[in-house]
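This report concerns only the one structure given below.
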């Protein structure tokens with residue numbers, strides 16, 4: 001089976017390709033299908049954006065399409081940056097800008113109120129009448145001590161301590177990360193649906 005992963009984010013493409021390959025599902029990308037159309041994320045929620053994007057690209061590609069919207073939600077800031085995780089300042093920020101801005105914000109949050117979570121919503125459009133949406137989150141707390149490493153495309157992780165293991169996400173072993181990975185949990189549910 002072929003599935004389109006409807007994102008231009010190289011880190012997300014790699015993560016989804018790795019996960020789906022475990023289930024012998026071939027991944028197509030917008031680039032591999034030469035799709036140059038761009039979906040504008042105007043939704044107020046991750047679900048609205050993921051569904052809108054999946055429907056939009058399914059109508060172009062005509063193959064099962066998975067789209068995701070995800071981001072960081074900080075409880076003290078009423079869920080900010082949320083759907084604007086990469087556009088918190090009103091434009092698409094670089095990884096370095098995102099990291100610098102989050103560090104500034106965290107320093108203004110009392111330590112006992114730094115709870116946050118990474119939410120990931122995935123939507124599969126299998127046909128015009130079959131739309132399936134799932135979501136999971138990784139819970140933890142923010143710190144103002146920047147980890148020495150973060151995976152390109154995911155800068156906020158460098159200031160995030162995961163709750164279950166009380167470690168930076170970058171310090172989790174592959175086995176530990178697999179148990180809390182919201183993207184993996186979403187894909188596992190989508191695979192059952194497929």
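Taking region 74-106, which residues are in contact with a strand residue (DSSP E or B) (Cβ under 7 Å, 6 or more places away or on another chain), under 28 Å from residue 39 (Cα atoms) and free of Cβ contacts under 8 Å to residues at least 60 places away in the same chain? Correct list: 79, 80, 81, 82, 83, 88. Scanning region 1-44 for residues that are part of a loop (DSSP other than H, G, I, E, B), touching a residue at least 60 places away in the same chain (Cβ under 8 Å) and touching a strand residue (DSSP E or B) at 6+ places or on another chain (Cβ under 8 Å) turns up 1, 6, 7, 25.
Hey, could you check region 168-194 for residues that are without any contact (Cβ under 8 Å) to a residue 60 or more places away in the chain and assigned to a loop (DSSP other than H, G, I, E, B) and say which is nearest to residue 130 (Cα to Cα)? Ranking the candidates gives 181 first. Among the residues of region 89-100, not one is under 22 Å from residue 122 (Cα atoms) and buried (at least 19 other Cβ atoms within 10 Å of the Cβ).
Do we have any residue at all in region 107-119 that's assigned to a strand (DSSP E or B), more than 16 Å from the chain's Cα centre (by Cα) and free of Cβ contacts under 8 Å to residues at least 60 places away in the same chain?
First, the residues of region 107-119 that are assigned to a strand (DSSP E or B): 115-119.
Checking the rest, the ones that are also more than 16 Å from the chain's Cα centre (by Cα) come to 115.
In the following step, the residues that additionally are free of Cβ contacts under 8 Å to residues at least 60 places away in the same chain were identified as 115.
Checking region 107-119: at least one residue is assigned to a strand (DSSP E or B), more than 16 Å from the chain's Cα centre (by Cα) and free of Cβ contacts under 8 Å to residues at least 60 places away in the same chain.
Listed conditions (1) within 19 Å of residue 186 (Cα to Cα); (2) touching a helix residue (DSSP H, G or I) at 6+ places or on another chain (Cβ under 8 Å); (3) modelled with pLDDT of 90 or more are all met by residue 47, apart from (2). Would you confirm whether any residue within region 65-73 is in contact with a strand residue (DSSP E or B) (Cβ under 6 Å, 6 or more places away or on another chain), surrounded by 17 or more Cβ atoms within 10 Å (Cβ to Cβ), over 19 Å from residue 137 (Cβ atoms) and at pLDDT 95 or above? Yes, because at least one residue in region 65-73 is in contact with a strand residue (DSSP E or B) (Cβ under 6 Å, 6 or more places away or on another chain), surrounded by 17 or more Cβ atoms within 10 Å (Cβ to Cβ), over 19 Å from residue 137 (Cβ atoms) and at pLDDT 95 or above.
Once region 147-167 is narrowed to residues that are in contact with a helix residue (DSSP H, G or I) (Cβ under 8 Å, 6 or more places away or on another chain) and not in a loop (DSSP other than H, G, I, E, B), the residue that is nearest to residue 81 (Cα to Cα) is 156. Within region 145-166, the residues that satisfy the criterion of being more than 21 Å from residue 92 (Cα to Cα), out of contact with any strand residue (DSSP E or B) (no Cβ under 6 Å at 6 or more places or on another chain) and touching a residue at least 12 places away in the same chain (Cβ under 8 Å) are 145, 146, 149, 164, 165.
Report yes if some residue within region 55-67 is within 16 Å of residue 157 (Cβ to Cβ), touching a residue at least 12 places away in the same chain (Cβ under 8 Å) and outside any helix (DSSP H, G or I); otherwise report no.
no
The values are calculated or read from the model by the stated rules, or taken from the named source; none is laboratory data. Keep in mind that this is a model prediction, so the values were computed, not measured. Here Cβ is always computed from backbone atoms with ideal geometry, including for glycine, and neighbour counts include all displayed protein chains.
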